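K.L.:
Just dropping this structure here.
The values are calculated or read from the model by the stated rules, or taken from the named source; none is laboratory data. Predicted model, so just to flag it, every value in this text is computed and none were measured. Methodologically, a virtual Cβ is constructed for each residue, glycine included, from the backbone with ideal geometry; neighbour enumeration extends over all protein chains shown. With ligands, DNA and RNA removed, areas are computed over all heavy atoms of the protein, side chains included. Shrake-Rupley method; radii C 1.70, N 1.55, O 1.52, S 1.80 Å.
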Amino acid sequence: MASSFLVASAELAKDISEPTSVQQRRKVASYFAMQCSQILKKEFGAQEVIVFGSLRGDTPWHKASDLDIAVSGLSKDRLREAADYLWRMLPEWLPLDLVSIERVDDRVRDRILKLTPMPQNIFLETKVRLQDEIYAISQTVKTLDTLLAQADAIPNIALIPAAAGYVEDFYSGCERLAERVVVTFDDGLPEGRNWHQKLLLQVSEPGGKGRPPLWDASFLETLDDYRSFRHRVRHLYNIDLDDDRVLVIAGRVPEIFEQTKQAVAEFSHWLDEMSA
């Protein structure tokens, strides 16, 4: 149970507005990373805490970067309690990804522990990063497939929110693919309130360093439907979701994922050519 001092600190943290510059955002994120590390060890009993991802410098830091933290020594229930607490503690503009070193996939664990060296060539590194994202998305798609296969035995009150959540995760993975590309080759992420929509458009066109589009205009329209769906999921109560709409869009995810993989494979061919 977190101390009363930490609870009070968490309430204050919610009032911290999002910094206007990427550099300042990273500085604030680093501060909260240290606070989270202390809390995870002292209050929740984590044996080891590792900050990884873009804050560690594994990938370029940008305005949409998460706070990625891995821990060891926590049970599933304890990890869930810690994640719930830290989510309440962090500013709303700073998402958290808290994972268990013991239970995370081997591929991810090797990245966290730096057991798998990254290529020094920017094109080959980008290819690896995209492959990592595709693998992560594949795990979401697999879980969604399992859920839908059992749909007849699950009440809609549980099925619909779960399916909507996995669709949201699927699209977020697709968006991370786009982020990887524009942060590496273009001038950074788009600005403005509708920057998520602009991002899809940006990667559907040629960009910096002579990069080709990540996907074509027709696929852009498909992904924009999923972006719109994610927006509704994030801003509606679960009871307001259209059950039939959720199941239809969830059922199309495997097909959309195959198209996503094909787009990334074609883009990776260009990365191979540029690395030679």
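K.L.:
Can you give me the number of residues within segment 226-270 that are open to solvent by 90 Å² or more (accessible area, probe 1.4 Å), in a helix (DSSP H, G or I) and either touching a residue at least 60 places away in the same chain (Cβ under 8 Å) or not β-branched (Val, Ile, Thr) (or both)?
P.N.:
11
So that you can scan it fast, the table gives a plain yes or no per residue for (1) more than 21 Å from Arg252 (Cα to Cα); (2) open to solvent by less than 70 Å² (accessible area, probe 1.4 Å); (3) of a type in the set (Phe, Trp, Tyr):
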residue: Leu147; (1), (2), (3): no, yes, no
residue: Ala151; (1), (2), (3): no, yes, no
residue: Glu179; (1), (2), (3): yes, yes, no
residue: Asn194; (1), (2), (3): yes, no, no
residue: Pro206; (1), (2), (3): yes, no, no
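K.L.:
Where residues in segment 65-109 are of a type in the set (Phe, Trp, Tyr) and in a helix (DSSP H, G or I), which of them is most open to solvent (accessible area, probe 1.4 Å)?
P.N.:
Among residues in segment 65-109 that are of a type in the set (Phe, Trp, Tyr) and in a helix (DSSP H, G or I), the one most open to solvent (accessible area, probe 1.4 Å) is Trp87.
K.L.:
Do we have any residue at all in segment 114-124 that's open to solvent by less than 50 Å² (accessible area, probe 1.4 Å), assigned to a helix (DSSP H, G or I) and farther than 20 Å from Cys36 by Cα?
P.N.:
Looking for residues that are open to solvent by less than 50 Å² (accessible area, probe 1.4 Å), assigned to a helix (DSSP H, G or I) and farther than 20 Å from Cys36 by Cα, one finds at least one in segment 114-124, hence yes.
K.L.:
For segment 41-64, what are the residues that are part of a loop (DSSP other than H, G, I, E, B) and more than 21 Å from the chain's Cα centre (by Cα)?
P.N.:
Result: Glu43, Phe44, Gly45, Ala46, Gln47.
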